[in-house]
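Notes for the one structure printed next.
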Ligand code: HPA
């Protein structure tokens, strides 16, 4: 864990140089794979594999089901940089550490970030195994004072007060709707509530989240998206619905269940993403 709360541009560039030293690909698209969804990285052709522990200052993935490496190669003939495993706030990292990978991506020339995650369904119409296009998010952790942009602003990357009214790119979302139609996959669409975890929500938490308009809940994504938007990176977000949130208090959620559901969603997600990559 890093004692320094904020990264300077120089520190970010050292990490970017370390990635460049280990891969000659120059991807413009990055993909973060959420819990249980890491298997999608196996489809990357001719990959350069960079373990997170080979990169200076890069936090290690400690969550079960997150391998913790960069997989850089080709998917559908596009160069892509895949984070097989992500960094979560609940692991004890600072918000700057959680979002360091996004800063590094920006310095490497990434223009589009595709974020995926596992999420619990709050919307009663959703079932485990559904995919949900993220239309917007609730930045609950940010509202509690943990916004990843707190600290000195990196003026070279973006403004002090960035607009996030269209955090999830409308064009990329439309391409994804079309892709799902072509693949004949039912794609939900809704609001993702980002909490810190690591405890799952209680029934009162979930009633609150439902009342404020959340369709799904998870422990990631929102900080990454805010930093992506700050630096002008376009974002596409897809949640894999791994479980029904425990609104009645009688159906406890487990991480094993989340990982298991993720594995079954990988083929659907891959089908959609392959079409999306063709259309981008
Ligand atoms: N709550 C929070 N995070 C999650 C859930 C959930 O029910 N499922 C997968 N990630």
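Structure summary
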{"item": "Shape call, region 142-280: gyration tensor on alpha carbons, a/c limit 1.5", "result": "oblate"}
{"item": "Exposure proxy order (Cβ contacts within 10 Å, fewest to most) of 70, 154", "result": "154, 70"}
{"item": "Footprinting exposure proxy for 74, 46, 268 (fewest neighbouring C-beta atoms within 10 Å first)", "result": "46, 74, 268"}
{"item": "Potential lengthening between residue 74 and residue 144 on full extension [0.36 nm per residue; Cα-Cα distance subtracted]", "result": "21.3 nm"}
{"item": "Residue 263/residue 174 FRET efficiency (R0 22 Å; Cβ-Cβ; nearest 0.05)", "result": "0.15"}
{"item": "Beta bridge orientation in the chain: antiparallel %, DSSP, nearest 5", "result": "35"}
{"item": "Counting DSSP beta bridges with both ends in region 1-140, the antiparallel % (nearest 5)", "result": "55"}
{"item": "Residue-averaged 222 nm ellipticity for the chain, from DSSP H runs of 4+ at -39500 (n - 2.57), nearest 500", "result": "-9000 deg cm²/dmol"}
{"item": "Stretch gain in nm, segment residue 212-residue 166, where the contour uses 0.36 nm per residue and the Cα spacing is subtracted", "result": "14.7 nm"}
{"item": "Three-way shape call for region 1-141 based on the alpha-carbon gyration tensor, with the a/c threshold at 1.5", "result": "oblate"}
{"item": "Peptide ranges 127-137, 108-118, 241-251 listed from the most packed, as the mean C-beta count within 10 angstrom indicates", "result": "108-118, 127-137, 241-251"}
{"item": "Extended-chain gain in nm, criterion 0.36 nm per residue less alpha-carbon gap, residue 42 and residue 279", "result": "83.2 nm"}
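Computed from the coordinates by the stated procedures, all read-outs in this text should not be read as laboratory data. Keep in mind the model is a prediction, meaning the values are calculated, not measured. Positions of Cβ are backbone-derived with ideal geometry, glycine not excepted, and every protein chain shown enters the neighbour counts.
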